[in-house]
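Heads up, the thing below is written out as structure tokens.
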Amino acid sequence: MIETRTPVAAAAARPRRRRTRDSGSQFESAVGWGSGPTPLNMVRTVLCVAVVLLFAVPFLAIMIGAFDANPSTTQLRLFPRELSFESFRVAVERGILGYLVNSFVILGGGLVLQLILSILAAYALSRFRFRAAGLVLGLFLLTMMLPEEVIAVPLSQVLGELPLVGINLRGTPFGVMLPVAIWGFSILLMTEFMRDIPPEIVEAARLDGVGELRMLTAVVLPMSTPVLGVATIFGFIMIWDQYLLPLIVANGPGDYTLTVALGVLRQDPEVANGIVLVGALLALLPSLIAYLLLQKSLIRGITSGATKG
Amino acid sequence: MTSASTPMEAHRVTDAPPRARFRARSVAPWLFLAVPLLFALVFKFVPLAEGVRMSFFRVQPLLGDEFVGFANYTRVLGDPRFQDAFSHTLLLGFGTTVGAMVVGFFFALLFEGSSRLLRAARTAVFLPVVTAVAVIGEIWRLLYIPSEVGFLNSILGALGIPAQPFLSDPGTALLWVGVVGIWTTAPYNMVIVLAGLAGIDRSLYEAAAVDGARLRHRIMSVVLPGLRASISVILTLAAIRSLRLFTEVFVLTGGGPAGSTEVWMTRTYSIGFASNDLGVASAASMLLLLATVVLTVVVRRFTSSKGAP
């Protein structure tokens, strides 16, 4: 990756880019970047490196800061004098692993539930023709207008006493897992994909006497793996990003997820920057790994709306 | 009747009792939809109804709720801090939407291409999108440390620029919160614009070149019109997202200093959960929902009618 802005490295990088390009034609991009060491291309290289640094440096600062032996409260250094695991040790003493476990429990349970509910709803909406289908899809789309922030206040009341059964979900991971399980975006995504599965295949299986449940698990789901990847990475980011919901569901700091706990750690005057940085790093890594594993799915999901308009 | 696998046989079997089959087929979708609909009901629509109800009541846990008509709404609309929060939300929403769109567009122009190096650069630039907002907030809070040795200030110092107070100055804090918003959203927009750019017919660039169009004309009359669908998606997403902005502000400044960065949701949060005035907080939430719906409809109308002849 690009890590330096010296002209030498930039010059060395350019020919490589030219070689892997399909064609050096200036009609291949909107700006008409040609190939070769033209002044325009040099400007482009410098700008590219600057932009990459703009995004990479803050993340690098976090990672390096977490390993800094002397994390001062007013400073972040890219080049520390000494590296150590001291911040990690103190962070563990402060119970950071407990927050991490809370985060993972909510992520795992929430994501599995979310995928199951989305698959069930999408299968029903895409494979059956029934009169209320449009209305039901409309209801699910309406939930996209009701994100956790907008209904946070009444939702906290509902979670304190579930209607009819009267169970209190506050202070349990279920208080976050169950509300995030229903996500209109995920349902819409899967419904649109399953609608494109050729009806002949499903009809053929149906004539073979395949029941509805087996149709879903043995015919439709295996054909839906691309959209399952997209739904998984989007669901992952959505649940990992939850902040207000775990905050209002928690009865005390012991229930906090890692992202919420960062604020608590920061406000503790005895806790140095390094501990917060360790927490930030631990909260960063899972999404980073998920992103690198499912990058293609993520980009496909984002761009699907852009091309259809 | 020994083998039901021949097409004729199977057809007869499934068609034999038409009424029973019809009934099974009409019940089946609801079996799949039951659980997703239950979740949507309990965690979205019941809270919505509860929010509407509470917004008309003075909510008192032990004394019982008291109907107050529109008093909660007039209190929200008459509260100077809500009025400030309203203008901050609009300013921040408008600023980050426009800023992130322009910056994302330039990033897309800059990083368009299929070489491995460009792809690696795009991966790095995209990092903020997958990172939890709370983590981004913590990162930038540390980068923004206003002392002379703070990370950004030491960079500015090296460039000969005097130290900035960043988030600690009520006059500029909102601007710096907006910068983080643009930094977070621009890469997302970049991906959407890149998908739009890929859909533009390459021969149009050649035609423009034959007509002697310069870069500016090429961008204005070929590229931008080709991106109409992408821009519509970006604006719709921004409209839904910008009004319910919470985590970023809550982590970066908590609404301070002196309320200079307070937005609608942080104000609602402190009314609802810190002061425990659930009626007023519900009224504020319902106003937010109303504004989101109206804004989304307006943006959809506006961006889709722009393309009509």
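What do you reckon, is B:E248 more than 7 Å from every other protein chain (Cβ to nearest Cβ), in a loop (DSSP other than H, G, I, E, B) and in contact with a helix residue (DSSP H, G or I) (Cβ under 8 Å, 6 or more places away or on another chain)?
On the way: more than 7 Å from every other protein chain (Cβ to nearest Cβ): yes; in a loop (DSSP other than H, G, I, E, B): no; in contact with a helix residue (DSSP H, G or I) (Cβ under 8 Å, 6 or more places away or on another chain): yes.
When the stated conditions are applied, B:E248 does not pass them.
So B:G279 fits all but one of (1) surrounded by fewer than 18 Cβ atoms within 10 Å (Cβ to Cβ); (2) part of a helix (DSSP H, G or I); what number is the exception?
Condition (1) is where B:G279 drops out.
Any residue in the range B:142-157 that's without any contact (Cβ under 8 Å) to a residue 40 or more places away in the chain and closer than 17 Å to B:D169 by Cβ: show its pairings with residues that are hydroxyl-bearing (S, T, Y) and surrounded by 14 or more Cβ atoms within 10 Å (Cβ to Cβ) at Cβ separation under 6 Å, as long as the two are six or more apart or on different chains.
B:I145/A:T74; B:P146/B:S168; B:S147/A:T74
Within the range B:62-76, can one find any residue that is touching a Leu at 6+ places or on another chain (Cβ under 8 Å) and farther than 20 Å from B:R244 by Cβ? Walk me through it before giving the result.
In the first step, residues of the range B:62-76 are kept if they are touching a Leu at 6+ places or on another chain (Cβ under 8 Å); the result is B:73, B:76.
Now restrict to residues that are farther than 20 Å from B:R244 by Cβ: none.
The answer is no, given that none of the residues of the range B:62-76 is touching a Leu at 6+ places or on another chain (Cβ under 8 Å) and farther than 20 Å from B:R244 by Cβ.
Given the structure, is A:I106 crowded, with 22+ Cβ neighbours inside 10 Å and more than 15 Å from B:L33 (Cβ to Cβ)? Steps first, please.
On the way: crowded, with 22+ Cβ neighbours inside 10 Å: yes; more than 15 Å from B:L33 (Cβ to Cβ): yes.
Yes: the conditions hold for A:I106.
Output the residues belonging to the range B:18-62 that are among the β-branched types (V, I, T) and modelled with pLDDT of 90 or more.
Narrowing the range B:18-62 to residues among the β-branched types (V, I, T): B:27, B:35, B:42, B:46, B:52, B:59.
Those that are among the β-branched types (V, I, T) and modelled with pLDDT of 90 or more: B:V35, B:V42, B:V46, B:V52.
Where in the range B:101-144 are there helices (runs of 4 or more DSSP H), lying wholly inside it, with at least 2 residues that are more than 7 Å from chain A (Cβ to nearest Cβ)?
Working: elements: B:116-125, B:127-130, B:133-143.
Correct list: B:116-125, B:133-143.
Among the listed residues B:S260, B:S232, identify the single one that is touching a residue at least 24 places away in the same chain (Cβ under 8 Å) and either buried (at least 22 other Cβ atoms within 10 Å of the Cβ) or within 7 Å of chain A (Cβ to nearest Cβ) (or both).
Details: B:S260 fails: either buried (at least 22 other Cβ atoms within 10 Å of the Cβ) or within 7 Å of chain A (Cβ to nearest Cβ) (or both).
Exactly one of B:S260, B:S232 is touching a residue at least 24 places away in the same chain (Cβ under 8 Å) and either buried (at least 22 other Cβ atoms within 10 Å of the Cβ) or within 7 Å of chain A (Cβ to nearest Cβ) (or both), namely B:S232.
Is at least one residue of the range A:89-108 closer than 30 Å to B:P61 by Cα and either of a type outside the set (G, A, S) or not in a loop (DSSP other than H, G, I, E, B) (or both)?
As a first pass, look at the range A:89-108 and keep what is closer than 30 Å to B:P61 by Cα: A:102, A:106.
When the remaining residues are screened for being either of a type outside the set (G, A, S) or not in a loop (DSSP other than H, G, I, E, B) (or both), the result is A:102, A:106.
Within the range A:89-108, one or more residues are closer than 30 Å to B:P61 by Cα and either of a type outside the set (G, A, S) or not in a loop (DSSP other than H, G, I, E, B) (or both).
Cβ-Cβ distance below 6 Å, separation of 6 or more or different chains: which pairs start in the range A:244-260 with a residue that is closer than 18 Å to B:T268 by Cβ and end on one that is β-branched (V, I, T)?
Partner pairs satisfying both residue conditions: A:L245/A:V176; A:P246/A:V176; A:P246/A:T257; A:P246/A:V260; A:L247/A:V260; A:V249/A:V176.
Applying the selection to the range B:98-123, what residues are buried (at least 19 other Cβ atoms within 10 Å of the Cβ), among the small types (G, A, S) and within 22 Å of A:I233 (Cβ to Cβ)?
Passing the criteria: B:A100, B:G104, B:A108, B:A121.
Residues B:S154, B:S168, B:S147: which one is at the interface with another protein chain (Cβ under 7 Å from one of its Cβ atoms) and either over 16 Å from the mean Cα position of the chain (by Cα) or modelled with pLDDT of 90 or more (or both)? Talk me through it step by step, then tell me what you get.
Working: B:S154 fails: at the interface with another protein chain (Cβ under 7 Å from one of its Cβ atoms); B:S168 fails: at the interface with another protein chain (Cβ under 7 Å from one of its Cβ atoms).
Answer to the check: B:S147.
Here's the yes/no breakdown for (1) assigned to a helix (DSSP H, G or I); (2) surrounded by fewer than 16 Cβ atoms within 10 Å (Cβ to Cβ); (3) modelled with pLDDT under 90; (4) under 25 Å from the mean Cα position of the chain (by Cα):
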residue: A:A121; (1), (2), (3), (4): yes, no, no, yes
residue: A:L146; (1), (2), (3), (4): no, no, yes, yes
residue: A:G166; (1), (2), (3), (4): no, yes, yes, no
residue: A:G171; (1), (2), (3), (4): no, yes, yes, yes
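Could you list, in sequence order, all residues of the range A:177-189 that are among the aromatic types (F, W, Y) and part of a helix (DSSP H, G or I)? Please lay out each step first, then the result.
Taking the range A:177-189 first, the residues among the aromatic types (F, W, Y) are A:183, A:185.
Listed by number, the list holds a single entry, A:F185.
Matching residues to (1) among the hydrophobic types (A, V, I, L, M, F, W, C); (2) over 29 Å from A:I299 (Cα atoms):
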residue	(1), (2)
A:A205	yes, yes
A:R214	no, yes
A:V219	yes, no
A:S224	no, no
A:G229	no, no
A:I237	yes, no
A:D241	no, no
A:L247	yes, yes
A:G254	no, yes
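Taking into account only those residues within the range B:28-38 that are surrounded by fewer than 20 Cβ atoms within 10 Å (Cβ to Cβ) and at the interface with chain A (Cβ under 7 Å from one of its Cβ atoms), which is farthest from A:L213 (Cα to Cα)?
By that ranking, first place goes to B:V35.
Could you list all residues from the range B:233-270 that are more than 30 Å from A:L262 (Cβ to Cβ) and touching a Lys or Arg at 6+ places or on another chain (Cβ under 8 Å)?
Once the filter is applied, which keeps residues that are more than 30 Å from A:L262 (Cβ to Cβ) and touching a Lys or Arg at 6+ places or on another chain (Cβ under 8 Å), the range B:233-270 yields only B:T236.
Filter the range B:47-72 down to the residues that are surrounded by 19 or more Cβ atoms within 10 Å (Cβ to Cβ) and assigned to a helix (DSSP H, G or I) and list them by number.
B:P47, B:L48, B:E50, B:G51, B:M54, B:N72
For the range B:95-134, enumerate the residues that are without any contact (Cβ under 8 Å) to a residue 40 or more places away in the chain, within 26 Å of B:S260 (Cα to Cα) and out of contact with any Leu (no Cβ under 9 Å at 6 or more places or on another chain).
Correct list: B:V98, B:V102.
Are any residues in the range B:199-220 closer than 18 Å to B:F106 by Cβ and either more than 9 Å from every other protein chain (Cβ to nearest Cβ) or at pLDDT 85 or above (or both), and if so, which ones?
Within the range B:199-220, B:R214, B:R216, B:H217, B:M220 meet the criteria.
The values are calculated or read from the model by the stated rules, or taken from the named source; none is laboratory data. Here the structure is a predicted model, which means the values were calculated and not measured. No Cβ is skipped: glycine too gets one built from the backbone with ideal geometry, and neighbour counts run over all protein chains shown.
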